[in-house]
Amino acid sequence: QVQLVESGGGLVQPGGSLRLSCAASGSIFNIYSMGWYRQAPGKQRELVAAITRGGSTNYADSVKGRFTISRDNAKNTVYLQMNSLKPEDTAVYYCNAKTLRGGAWYDYWGQGTQVTVSS
């Protein structure tokens, strides 16, 4: 099993920056990829960024060039650096980990952290 603990959310002005952190514990070596999803009120949850065990990254078009996902293997932690924030980025951000066991994918989720971009 995998447990994910998120931190770093908060209130920022447009153009500001935040860094989200997600610390993983448990069966961390079974994790294939980790990423960040977000969900705004009345909208579906969407992928923001992901990083695989091999280091490949994917970004939503809406955040590419502004957000950077990275990891610190020694700390079992993944980060999301968010720059040039826009009001449209306001959402609850969820850390995600994907594992593959017995041919089935399993998703693990953090508790969510609120990011609010407002002037």
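The values are calculated or read from the model by the stated rules, or taken from the named source; none is laboratory data. All values derive from a computational prediction rather than experimental measurement. Backbone-built Cβ (ideal geometry, glycine too); neighbour counts: all protein chains shown. When the accessible area is computed, the model is the full protein with side chains, heavy atoms only, and any ligands, DNA or RNA have been set aside. Shrake-Rupley method; radii C 1.70, N 1.55, O 1.52, S 1.80 Å.
Please work out which residue is nearest to Leu18 (Cα to Cα), limiting yourself to the range 30-54 and to residues that are among the aliphatic types (A, V, I, L, M) and over 13 Å from the mean Cα position of the chain (by Cα).
Of everything passing the filter in the range 30-54, Ala40 is nearest to Leu18 (Cα to Cα).
Residues in the range 77-105 that are within 19 Å of Ala50 (Cα to Cα) and in contact with a helix residue (DSSP H, G or I) (Cβ under 9 Å, 6 or more places away or on another chain): 4 in all.
If only one of Asn83, Asn76 is touching a strand residue (DSSP E or B) at 6+ places or on another chain (Cβ under 8 Å), at pLDDT below 95 and surrounded by 14 or more Cβ atoms within 10 Å (Cβ to Cβ), which one is it?
Among Asn83, Asn76, only Asn76 is touching a strand residue (DSSP E or B) at 6+ places or on another chain (Cβ under 8 Å), at pLDDT below 95 and surrounded by 14 or more Cβ atoms within 10 Å (Cβ to Cβ).
Restricting attention to the range 1-33, the residues that are exposed (fewer than 15 other Cβ atoms within 10 Å of the Cβ) and in contact with a helix residue (DSSP H, G or I) (Cβ under 7 Å, 6 or more places away or on another chain) total 1. For the range 44-67, residues that are charged (D, E, K, R), touching a strand residue (DSSP E or B) at 6+ places or on another chain (Cβ under 8 Å) and open to solvent by 80 Å² or more (accessible area, probe 1.4 Å) total 2.
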